[in-house]
Amino acid sequence: MALTENRAVLDWIDEMAAMTQPDAIVWIDGSEAQLEALRSQACATGELEKLNQEKLPGCYLHRTAVNDVARVEDRTFICCEKQEDAGPTNNWMAPAEMYARLKPLYTGAMKGRTMYVIPYSMGVVGSPFAKYGIELTDSIYVVLNMAIMTRVGQSVLDALGDSPDYVKGLHAKAELDPERRYIVHFPQDNTIMSVNSGYGGNVLLGKKCFALRIASCLGRDEGWMAEHMLILGIQNPAGEVRYLAAAFPSACGKTNLAMLIPPAHYQEKGWKVWCVGDDIAWLRVGEDGRLWAMNPEYGFFGVAPGTNAKSNPNALATTRRGTIFTNVVHNLDDDTVWWEGLDKNPPEHAVDWKGNPWNGTVSAEKGAHPNSRFTAPAKNCPCISPEFESPRGVPISAIVFGGRRARTAPLVYQSRDWEHGVFVGSIMASETTAAATGAVGVVRRDPMAMLPFCGYHMADYWQHWLDMGKVLGDKAPKIFNVNWFRTDDEGRFLWPGFGDNLRVLEWIMKRCFHEADAVETPIGYEPKAEDIDLEGSGVDRATLEGLLKLDTAMWLDEVNAIRAFYDKFGAKLPETLSQELSALEARLH
Ligand code: GTP
Ligand code: SPV
Ligand code: MN
């Protein structure tokens, strides 16, 4: 039975049901009883496997199709009316043409299946900053993941009332055919259509599709920002909590930084890090003129490989109950899960991510997919911020950009001002990871970590950043760039990373509050080597100096590469950014 009388919602569902022809329609009310019944049903069909309930209460395992393991950027479209509004970095097709192309793929796609109606909220239900969506899906896996990643159920419909202001999402697994897989956004219609996939970012439509691609368009129109950013609070020994937001590309360390555990002597002095969010931030100018960030999500869809008791104990603890694991190893000895980098004891009797028998003690092949993930409730996180449920979020002192750069980028530098900071974000480049299909380890430009997620023309997006800076004025956060991934000639990481990244965050925060000095370089302000606390890090002063060193010739090459990249944006490129590029070049000479 329908859980709302909202005409706009009911009419749209009727239309989608007429096209997809499900046998039944089930509304998700958000109750634990209903979710538990769905878990049982999914276990009965093999869609989920129940794990050891003593060791991992409420935890389940799911395997996707082997050709459906990551976001598909080449099959992701922004369908606004004019191609020039999608820009050179997005795939585009005219809306009418795309709707016509999708229609046959959805027609009858849910025959013999159930259509689930998931009302969900991005942000605290009923708060002025929340936005609502309804996802229609024929996947129980999607329902159960959405119930972890977002706030779902009757309360959302009650908050929506009879308003037509919600984002429509239609997902059908169809045949899971990669050749007919589409992840499509219609910003003018607040509509998302996803077909022929069953994987994370392609099908959990509240996440990248709504909270970034559609929301970035809403933010442009309404004067706020939707960003691929973690949000964290750093509590210093004086007990003050200062917040930063950081944009790193997919699988480049947001979840790890957001849940950081300080090095031992920092802990002794009273330092603590609070996690507000690990992937998406919605940022608005508050009544006090400062920039405030809130996490619209309710859980974490985190990378499993590499997560362990040393690298990220908080993430590991978060996944010990109420978690869905996707494409990890199933340890048959004790009915638990394993992945590369969890510990040094791969299970002997196991099933790999493809569903084949796997013996980790002898197999040369990986047991877990490199992009295997956990879906875990944010409330499980031992360091979840007391502000996590605060509707307006937290005030941001610093914005941090970063990525995987083996050579060029130093450990940390600060931009000269907001406009230069926007430039620094726009020139971000990073080695690609397994989070999207395609080659891994290839350096590509990924401005603000938003290349796959900006729902409109990237140059207009940069202009929006510049405009936000004008509104914020001297209350704007300071902007920084970090690189945890610099390597030596043998390809080994020079910086220990993880918890030790707090050493860099400490300097960043002190810069924001005029408590630390800096050295001016052609690319921005760098710390004095003696201002980074290395006690207990295992890093010596010479290594740190190497990590901060600039190679002028390499940066001049970089300037040329950036110019070629900027050329793609034609007349829309903000004048300010081309001026910043020329100024950088001049300073390097
Ligand atoms: P998405 O969820 O895809 O947006 O990724 P994310 O940015 O949250 O990435 P995550 O924190 O999950 O990190 C991805 C990978 O980077 C993991 O394999 C980590 O082990 C590794 N990683 C994270 N932080 C560091 C670091 O400081 N140093 C090094 N060397 N590796 C890191
Ligand atoms: C990313 O790829 O940046 C992710 C995972 O956070 S997904 O939800 O699949 O996009
Ligand atoms: Mn992400």
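The values are calculated or read from the model by the stated rules, or taken from the named source; none is laboratory data. On a predicted model such as this, the values are computed, not experimentally measured, just so you know. Please note: Cβ atoms are built from the backbone with ideal geometry, for glycine as well, and neighbour counts cover all protein chains shown. For the accessible areas, the whole protein counts, side chains as well, though only heavy atoms, and no ligand, DNA or RNA atoms are used. Shrake-Rupley method; radii C 1.70, N 1.55, O 1.52, S 1.80 Å.
General observations
- For residue 394: the one exception among (1) within 16 Å of ligand 1 (Cβ to nearest atom); (2) under 25 Å from residue 285 (Cβ atoms): (1)
- Matching strands (runs of 3 or more DSSP E) fully within the range 476-589 where at least 2 residues are more than 27 Å from residue 240 (Cβ to Cβ): 519-521
- Listing of helices (runs of 4 or more DSSP H) fully contained in the range 200-287 that carry 3 or more residues being over 14 Å from the mean Cα position of the chain (by Cα) and touching a residue at least 12 places away in the same chain (Cβ under 8 Å): 215-222, 264-269
- Selection within the range 415-426 - closer than 21 Å to residue 548 by Cβ, open to solvent by less than 10 Å² (accessible area, probe 1.4 Å) and of a type outside the set (Gly, Ala, Ser): 420, 423, 424
- Residue in the range 68-77 that is among the hydroxyl-bearing types (Ser, Thr, Tyr) and either in a helix (DSSP H, G or I) or open to solvent by 70 Å² or more (accessible area, probe 1.4 Å) (or both) present: no
- The single condition among (1) open to solvent by 10 Å² or more (accessible area, probe 1.4 Å); (2) over 22 Å from residue 454 (Cβ atoms); (3) of a type outside the set (Asp, Glu) that residue 145 does not meet is (1).
- Residues of the range 300-315 satisfying the condition of being open to solvent by 30 Å² or more (accessible area, probe 1.4 Å) and within 12 Å of ligand 1 (Cβ to nearest atom): 303, 305, 306, 308, 310
- Count of the range 255-282 residues which are open to solvent by 10 Å² or more (accessible area, probe 1.4 Å) and either modelled with pLDDT under 95 or within 16 Å of ligand 3 (Cβ to nearest atom) (or both): 3
- Test for residue 199: is it within 16 Å of ligand 3 (Cβ to nearest atom), aromatic (Phe, Trp, Tyr) and at pLDDT 95 or above: yes
- Of all the residues in the range 20-33, those that are buried (at least 17 other Cβ atoms within 10 Å of the Cβ) and part of a helix (DSSP H, G or I) number 1.
- When residue 443 is tested against (1) under 17 Å from residue 244 (Cβ atoms); (2) away from ligand 3 (no atom under 16 Å from the Cβ); (3) among the aliphatic types (A, V, I, L, M), only condition (1) is not met.
- Considering the range 174-199, the residues that are assigned to a strand (DSSP E or B) and of a type in the set (A, V, I, L, M) include one that is nearest to residue 75 (Cα to Cα), namely 183.
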